[in-house]
Amino acid sequence: MQTFPDSDSDNISIARDEKDLEDCIRRSVAEDTPLSIEGLGTKRAIGNVNTEHRRLSLEKLSGIVDYEPNELVLTARAGTPLSEIHSALSSEQQQLAFEPPDMGLVISGNPNPGTIGGLLATNLSGPRRFVAGAPRDHFLGVKGISGRGEPFKAGGRVVKNVTGYDMCKLLAGSYGTLAVMTEVTVKVLPAPETSVSLVVAGLDQKTAQKALTQWTSTPYAISGGAYLLERLTANSSVPEISVLDQSATIIRIEGTAVSVKSRADFLKQDLALSGNVIEIEDGASTSLWAEICSPQPGPGDCDLWRVSVPPSKWVHLLETLGRESIEDDPLVDWAGGLLWLRLPTDAEMVRERLFSAMEEIGGGSAVLVRPGSKERTPRQSFSPLFAGVHTLNRRLKENFDPKRILNPGRMYPDI
Amino acid sequence: MSQLKMPDVDETLIARRAEIARDLRSLIADPESVIDEEHGRLVYDSDGLTAYRQPPFLVCLPSSTSEVSAVLRYCSDHNIKVVPRGAGTSLSGGALPLADGILLGMAKFNKIVEIDFDNKCVVTQPGVTNLGISKAVDHAGYYYAPDPSSQIACTIGGNVAENSGGVHCLKYGLTTNNILGLEVVLINGDVMRIGGKHLDAAGYDLLGVMVGSEGLLGVVTEVTVRILRKPETARAALIGFGSADAAGDCVADIIAAGIIPAGMEMMDRPAIHAAEDFVCAGYPRDVEALLIVELDGPAAEVDDLCTKITEIARTRGATSTRVSENEEERLAFWAGRKAAFPAVGRISPDYYCMDGTIPRAQLAPVLKRMAEMSEHYGLRVANVFHAGDGNLHPLILYDANVPGQLETAEEFGADILKLCVEVGGVLTGEHGVGVEKRDLMPHMFTETDLAHQQRVKCAFDPEGLLNPGKMFPTLHRCAELGRLHVHQGKLPHADLPRF
Ligand SMILES: Cc1cc2nc3c(=O)[nH]c(=O)nc-3n(C[C@H](O)[C@H](O)[C@H](O)COP(=O)(O)OP(=O)(O)OC[C@H]3O[C@@H](n4cnc5c(N)ncnc54)[C@H](O)[C@@H]3O)c2cc1C
């Protein structure tokens, strides 16, 4: 174990192997010293990272352990950079179907997709979410060490497995507050041969919402549905989009060349009812969806929220929230199910309005992925839970991390 | 019946049956929904795993969330065990009653609450059947994807509890990938909503934990499921092979070609013959393995992939290949597979259906080892197999009237499941642990692994009143599990008594 206790702010332990990690956690349990768990630190802006806590880095617990393309599974140590996994997969024409966003880009404008462990711990997914699911849906097996200092495993290396509780789901999106993952197994899938995007320009929000609902209700297996307001289209690096000068309602079709062509032909007829249809071919289409997947941070001084809502309710949410509460144009993804919202930084009233608006439209969840100001902590970065659900969350925390060693307060003050 | 150790029965409670029935009647609008007389209780004495039978202490059939809440709170206050039940088709004994436990039947929760096409979901009560959901949205061209063979009977609540699969899970996922929200009542009577019509929920993934929790964490009183648009078209290929190896290789090649069929099923010779004798599906009899590969989606894509798959089959030496030309033919291909269980039921007085998962590449060696075991135990076995995702369903043929044969079949079955784990697979792919595989759990998990699972239980049901005796081979007290033993470096619960 390398430790650099030189200064309080640089107080970090770097685990070289599972044994190191176990020792470190056990020591922290014994000494009652909380840890702040990190991979490559790309998601440090999400939730409350307590800078006074000792950092525990998993960066060195890295490497693909086993990848069997024919079994559609990949096992890697938790600190493996996602870039390494992406390149291993793409050499076999495979992929993580849930399209992980690059939070490096979102947070700082510099690409860095982080580690596989960090991705699973935050459960962040991209545009394909509404058809392919999130990391949770592809997370097959895990080895880890709980806040009790005990190594354990759950799940397995096969897709169909109901042996015991689905502990992978419990750890997906738990932000390192229950256990530190050391090795993970994920399901991988063939990458589509090609893709095409169809765009209709100039639709207003209500029309766009109806259109997205309608297009994704066809049997043509649409795997992306987004709405970019004017300012966002202007900033796009895809020429077909940046020249528009108005909003863009976009859908994506992926699959074999034959299939994509035939579906695009059918869909173009549907879309033509709403306006002129612009077709964006494979390469540009891929760039466009990469932009949608990982939106740029935008103006430095606003809070960037990621809000999951019932797909038919995003306009209702924006209306309830009020135009004046929003700093910049929102980005709509997941065929309406996801909003990237830029809200005034640290404006408690706006935040409260967002939470109550979600309740009013029939449910949702929100995560502050990039605060505009660095100062104010702790801040409320996750939408509140219903009372009973919160109690259950707390009891799970108590059972897995009774001494509150692992990322305490990262998600909620008592979790 | 073979021996099964269940939690100690609280005899004092049994003596209070009439009194407790009276109390329960005061909590429920319809007094006939509490059943205490013997005949009525006998109806519920087993589920789909009929080798085990136990009439429940009492049966209670609530019809609203508030009734469920009141009953559970009563049970919690009086320390009474509860076993939830849907349609009772569990093949792992998940709904097996307890002599001193209330059987909470969810059959009256049989209404669909809301159909929301805009958000592509259905909100339903848990007692609605799996097929009932698809039927309710069929007119608009939608369906609910997970399709267990038991779908005309099994309930969505049971599906949630077992994380049920089906032949189309390869492409569309298991129950867990198709559930958006739940209303759950905890043992203390608290009602909570988890998830909803949005995709990502806040906090820990309680939805993911509830699905597959086998009725041990809470009672599901409402379910929001995702519905899908029906594919434009579907076609199936029926491919025969001279050896299981060749069929296994063909499956691997299809996946390697980047094709994820909607379903990819395999049957071995005994299963093919039993099915063909029963329904005359037109299966070839002179093959060792038969694949049914179904493709669905846009017509152009399906036609394209059918050609690719026939080509792959040919290079792998398929002895016969047919691709369905119309819906009637496609359904005929499936008829044999769908009737495989009853078909095997005709050639043997009894059969025992196993459910392990293995890595696909292990298929041929596992079939070979199974044939050896069959020889060793002197019992025949027929195999149907979700080949696409490595989920095996060996059917062990036996005769319960021959003394000792059930026990032999169970031993054989346990050996198969241990083999699955040995080759890198798992004990159960879709039927659940229940009582059936409970005692095999230590073959897959260490004490510490299991203790962590049980800590989930402790968060939801610290007194262990919901469905005890299922899933875990040993019942630990939550207080014991809560202790930290980090200084000794080892977890000492080996000395704890079994229940
Ligand atoms: C012929 C046949 C074929 C089958 N084929 C398949 C198949 O292809 N794929 C597959 O996965 N399974 C299959 N099964 C198994 C079975 O049908 C499934 O496990 C099904 O989900 C059970 O549903 P049920 O309503 O019958 O539940 P039950 O058997 O009544 O209960 C199952 C479990 O769920 C719990 N439970 C039920 N309702 C609730 C509720 N509302 N809240 C909390 N817990 C609850 C019970 O306590 C129990 O642990 C098959 C069974 C049979 C008999």
- Selected from B:L206, B:A281, B:L13, residue furthest toward positive end of dipole (the protein assembly as shown; charges at beta carbon): B:L13
- Note on the structure: Karplus ³J(HN,Hα) for region B:396-412 (6.51 cos²θ - 1.76 cosθ + 1.60, θ = phi - 60°; Hz, whole; x = Gly/Pro) runs 8, 8, 8, 10, 5, 7, 8, x, x, 5, 4, 4, 4, 4, 5, 5, 4
- Task: Check each residue of region B:412-443 and keep those whose accessible area, probe 1.4 Å, is at least 20 Å² smaller with all protein chains in place than in the chain alone; give them in order of residue number.
- Result: B:G424, B:V426, B:T428, B:G429
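May I ask what percent, to the nearest 5, of DSSP beta bridges between residues of chain B are antiparallel?
The antiparallel proportion sits near 85 percent.
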- Message: Suppose we compare each residue of region B:180-204 in its chain alone and in the full protein complex with a 1.4 Å probe; which ones drop by at least 30 Å² of accessible area?
- Response: B:M192, B:R193, B:K197, B:H198, B:L199, B:D200, B:A202, B:G203, B:Y204
- Item | Residue mean of other protein chain beta carbons inside 10 Å, A:99-107 | 0
- Query: Which percent of the accessible heavy-atom area of chain A goes to carbon and sulfur, probe 1.4 angstrom?
  - Reply: 50
- Item | Two-site label geometry, B:R285 and B:T310: point separation in nm, points 7 Å out along Cα→Cβ | 2.7
- Item | Those GluC sites (Glu not before Pro) in region B:296-352 that DSSP places in a loop and that have at most 15 other beta carbons within 10 Å | B:E325
- Total accessible surface hidden between B and A, rounded to 100 Å², 1.4 Å probe: 7000
- Name the longest site-free stretch of chain A, where the excluded sites are GluC sites (Glu not before Pro) in a DSSP loop with no more than 12 other beta-carbon atoms within 10 Å. A:53-280
- Rounded percent of accessible protein surface that carbon and sulfur make up, chain B, 1.4 Å probe: 51
- Item | trypsin sites (Lys or Arg not before Pro) restricted to region A:311-415 and DSSP loop, no more than 15 other C-beta within 10 Å | A:K374, A:R376
- Message: For B:H393, what residues show an amide H to amide H distance below 5 Å, using hydrogens built from the backbone and excluding near sequence neighbours?
- Response: B:V384, B:F385, B:H386
- Too long for a 32 Å Cα-Cα cut-off, among B:K111/B:K338; A:K268/B:K338; A:K43/B:K437; A:K19/B:K5; A:K43/A:K403, are A:K268/B:K338; A:K43/B:K437; A:K19/B:K5
- Rounded to whole Å², per residue accessible area for chain A with a 1.4 Å probe reads 35
- Query: Once the piece of chain linking A:K19 and A:K374 is laid out straight, how much longer is it, given 0.36 nm per residue of separation minus the C-alpha distance between them?
  - Reply: 124.3 nm
- Cut-off under 5 Å, modelled amide H: who pairs with A:L406 long-range: A:L35
- Item | Shielding score for A:256-262, defined as the mean number of other chain Cβ atoms within 10 Å | 6
- Taking H placed 1.01 Å from N in the peptide plane, check which residues at least 5 places from B:T233 or on another chain put their amide H under 5 Å from its amide H. B:G297, B:A299
- Message: I'd like the Karplus ³J(HN,Hα) series for region B:73-87: coefficients 6.51, -1.76, 1.60, θ = phi - 60°, whole numbers in Hz, and an x wherever there's a Gly or Pro.
- Response: 4, 4, 5, 5, 4, 9, 6, 10, 6, 9, 10, x, 8, x, 9
- In region A:66-92, which residues become less accessible by 30 Å² or more once every protein chain is in place, relative to the chain on its own, using a 1.4 Å probe? A:N70, A:E71, A:L72
- Message: For region B:21-57, which GluC sites (Glu not before Pro) pass both filters: DSSP loop (anything but H, G, I, E, B) and at most 14 other C-beta atoms within 10 Å?
- Response: B:E37
- Task: Within 10 Å of each Cβ in peptide A:300-309, how many partner chain Cβ atoms are there on average? Round it to a whole number, please.
- Result: 2
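Pairs of alpha-carbon atoms within less than 8 angstrom and 6+ residues apart define the contacts here; what relative contact order does chain A have, in percent?
18
Run the numbers for A:R231 and A:K261: contour at 0.36 nm per residue of separation, minus the present Cα-Cα distance, in nm. Walk me through the numbers on the way to the answer.
On the way: separation 30, 0.36 × 30 = 10.80 nm, distance 3.06 nm.
Computed gain between A:R231 and A:K261 is 7.7 nm.
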- Query: Per residue, how many Å² of accessible area does chain B show with a 1.4 Å probe?
  - Reply: 36
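The values are calculated or read from the model by the stated rules, or taken from the named source; none is laboratory data. Bear in mind the structure is a predicted one, so any value in this text is a computation, not a measurement. Reconstructed Cβ throughout: ideal geometry from the backbone, glycine too, with neighbour counts over all protein chains shown. To get the accessible areas, we keep the full protein, side chains included, count just its heavy atoms, and leave off ligands, DNA and RNA. Shrake-Rupley method; radii C 1.70, N 1.55, O 1.52, S 1.80 Å.
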